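What follows is a single structure, written as structure tokens, with notes after it.
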Amino acid sequence: MLNNEKIILMTKLSLYEQKNQKKEISTGKYFKSDYMLLKMLSSFICATVGYLLCLILWFMYKSDRVFASMTTTGSFTVFVVVIVLLYIITVVVYMIFSYAFFSHKFRKIRKNLKEYNGDLKTLHRIQELEYDAIIDELEEEGDEEE
């Protein structure tokens, strides 16, 4: 006898596993602090590399003007301070947005995993009930033969 509730539940679980196996289920193994640390570290590295690439491109485009203005005014230290301040502002803003994004993503993944685990428990209970029903039938048949 087919149990429609069990079939629907198994299909739902299978689709979730196929769709989200790598991303969400593996993320569920982390504590929030560990997950956020890894994501914030990768965000910091990405922001630094991105800033350096933009700085190099800007410097390549404006190098003649930069050198001309530094030699005439001697403001090399001001130039370095401005670049460092822009770097700090860029990284801080990027880290704030990264923290908000990854924190929201982690909460969403945890919510999905709680639903997934609840469905797994429901499926387990259904299977236990079916197993108990089969055992009861076998015991009844054994009692009738005696």
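The values are calculated or read from the model by the stated rules, or taken from the named source; none is laboratory data. It should be emphasised that the depicted structure is a prediction, and the values quoted were computed from it without experimental measurement. Using ideal geometry, Cβ is built from the backbone for each residue, glycine included, and neighbour counts are taken over all protein chains shown.
Is it true that L113 is part of a helix (DSSP H, G or I) and either closer than 30 Å to K19 by Cβ or at pLDDT below 95 (or both)? Considered against the rule, which asks whether it is part of a helix (DSSP H, G or I) and either closer than 30 Å to K19 by Cβ or at pLDDT below 95 (or both), L113 comes out as yes.
Is at least one residue of segment 75-83 under 18 Å from F44 (Cα atoms) and in a helix (DSSP H, G or I)? Break it down into steps so the answer makes sense when it comes.
From segment 75-83, those under 18 Å from F44 (Cα atoms) are 83; that's our starting set.
Next, from what is left, pick out any that are in a helix (DSSP H, G or I): 83.
Yes, segment 75-83 contains at least one residue that is under 18 Å from F44 (Cα atoms) and in a helix (DSSP H, G or I).
Of everything in segment 28-63 that is charged (D, E, K, R) and free of Cβ contacts under 8 Å to residues at least 24 places away in the same chain, the residue that is farthest from Y99 (Cα to Cα) is K62.
Can you confirm whether E17 is touching a residue at least 24 places away in the same chain (Cβ under 8 Å), within 16 Å of the chain's Cα centre (by Cα), in a helix (DSSP H, G or I) and under 24 Å from N112 (Cα atoms)? Quick ask: steps written out before the conclusion?
Working: touching a residue at least 24 places away in the same chain (Cβ under 8 Å): no; within 16 Å of the chain's Cα centre (by Cα): yes; in a helix (DSSP H, G or I): yes; under 24 Å from N112 (Cα atoms): yes.
When the stated conditions are applied, E17 does not pass them.
Just checking, does segment 100-120 include any residue being farther than 30 Å from E5 by Cβ, within 17 Å of the chain's Cα centre (by Cα) and basic (K, R)?
At the first step, the residues of segment 100-120 found to be farther than 30 Å from E5 by Cβ are 100-106.
Then keep just the ones that are within 17 Å of the chain's Cα centre (by Cα); that gives 100-106.
Still in the list and also basic (K, R): 105.
Within segment 100-120, one or more residues are farther than 30 Å from E5 by Cβ, within 17 Å of the chain's Cα centre (by Cα) and basic (K, R).
Note on segment 11-53: among residues that are at pLDDT below 90 and surrounded by 15 or more Cβ atoms within 10 Å (Cβ to Cβ), the one that is farthest from M95 (Cα to Cα) is L13.
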